[in-house]
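Derivation of every value follows stated rules applied to the coordinates shown; laboratory data play no part. The model shown is predicted, which means the values in this text are computed figures rather than measured ones. Glycine also receives a Cβ, built like all others from the backbone with ideal geometry; neighbour counts cover every protein chain displayed.
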């Protein structure tokens, strides 16, 4: 199961972070929550299409 959670404006608490199996960061930039969700969704889509052998990464 994959659960993607975009953090709150002040970041996740130590308790919440300790419950995660994996933490990923989009980098030091600050994004509005809606934009961060789109960026993460696009990257997941891109990864899945590449793994499925679609030419997404070739610019077609």
Practice prompt. Could you grab me the full set of residues in segment 13-28 that are out of contact with any helix residue (DSSP H, G or I) (no Cβ under 9 Å at 6 or more places or on another chain), surrounded by fewer than 10 Cβ atoms within 10 Å (Cβ to Cβ) and not in a helix (DSSP H, G or I)?
Written response: 19, 21, 22, 25, 27, 28
Discussion item. Scan segment 4-12 and tell me whether some residue there is touching a helix residue (DSSP H, G or I) at 6+ places or on another chain (Cβ under 7 Å), part of a loop (DSSP other than H, G, I, E, B) and free of Cβ contacts under 8 Å to residues at least 12 places away in the same chain.
Written reply: no
